[in-house]
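These notes concern the structure reproduced below.
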Amino acid sequence: MKHNLKTIFEEERKRNYKRNSNHEDLFIEKLYEELPTKKRAQFYQFRIAASVVILLGIGTVFFTMFNSSNINGKEITAFTLKNISPDLENIEKFYVSNINNTLLEIQNNKNNLASVNRYMNRFTLLKKEYTVLIKEMNDEGPNTQSISGIINNLKLQLELLQELKEQIKPVKKNLNETI
């Protein structure tokens, strides 16, 4: 039986059937009749915009869920000095406001540019250390060492700026005397 089918198929392939000259055209016409025609989607741009809005909404929901401070039903707050104690908040406000006031009072000009740059580089290092101390306190939790380290850092920042301010004063006096 295997042999018979095989020979039958081979004989069929050898036959040359004649096709009409417009065979391909007829095929394409029948193909278009059977296939459904594509309709242009109405409000195509609105569908894209709605998809984008939905994706943004889903993204923000997931972002807020995973970045929230509520993990396993326990509220986790970032530790700052004001979260720990009102007295520590007052100390931090005192130092920060004095640092900001001193920064406003410092005027750099051509005569004191080198010393201001030198002090400001040291001040920048202290500010970076301050952020590291805050991060460390958040990672390990508040303890006396981290709190005293933060307060000492603020104190050093203020002292450094006051030292710079005192160093600039003689320059100002000398400028006033020569004029």
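The values are calculated or read from the model by the stated rules, or taken from the named source; none is laboratory data. This is a predicted model, so every value here is computed, not measured. Cβ sites come from the backbone with ideal geometry, for glycine too, and all protein chains shown count toward neighbours. The accessibility values were calculated without ligands, DNA or RNA, using every heavy atom of the protein model including side chains. Shrake-Rupley method; radii C 1.70, N 1.55, O 1.52, S 1.80 Å.
Take region 114-135 and flag every residue that is farther than 12 Å from L160 by Cα and open to solvent by 40 Å² or more (accessible area, probe 1.4 Å).
A114, N117, K128, E129, T131, V132, K135
Taking only region 100-143 into account, find how many residues are assigned to a helix (DSSP H, G or I) and within 29 Å of the chain's Cα centre (by Cα).
Number of matching residues: 22.
Could you check N111 against (1) open to solvent by 80 Å² or more (accessible area, probe 1.4 Å); (2) under 24 Å from T80 (Cβ atoms); (3) in contact (Cβ under 8 Å) with a residue 24 or more places away in the chain and say which number it fails?
Among (1) open to solvent by 80 Å² or more (accessible area, probe 1.4 Å); (2) under 24 Å from T80 (Cβ atoms); (3) in contact (Cβ under 8 Å) with a residue 24 or more places away in the chain, N111 violates only (2).
Would you call Q157 of a type outside the set (A, V, I, L, M, F, W, C), in a helix (DSSP H, G or I) and open to solvent by less than 30 Å² (accessible area, probe 1.4 Å)?
yes
Just to be sure before I move on: is S148 open to solvent by less than 90 Å² (accessible area, probe 1.4 Å), of a type in the set (G, A, S) and at pLDDT below 85 in the structure I sent?
no
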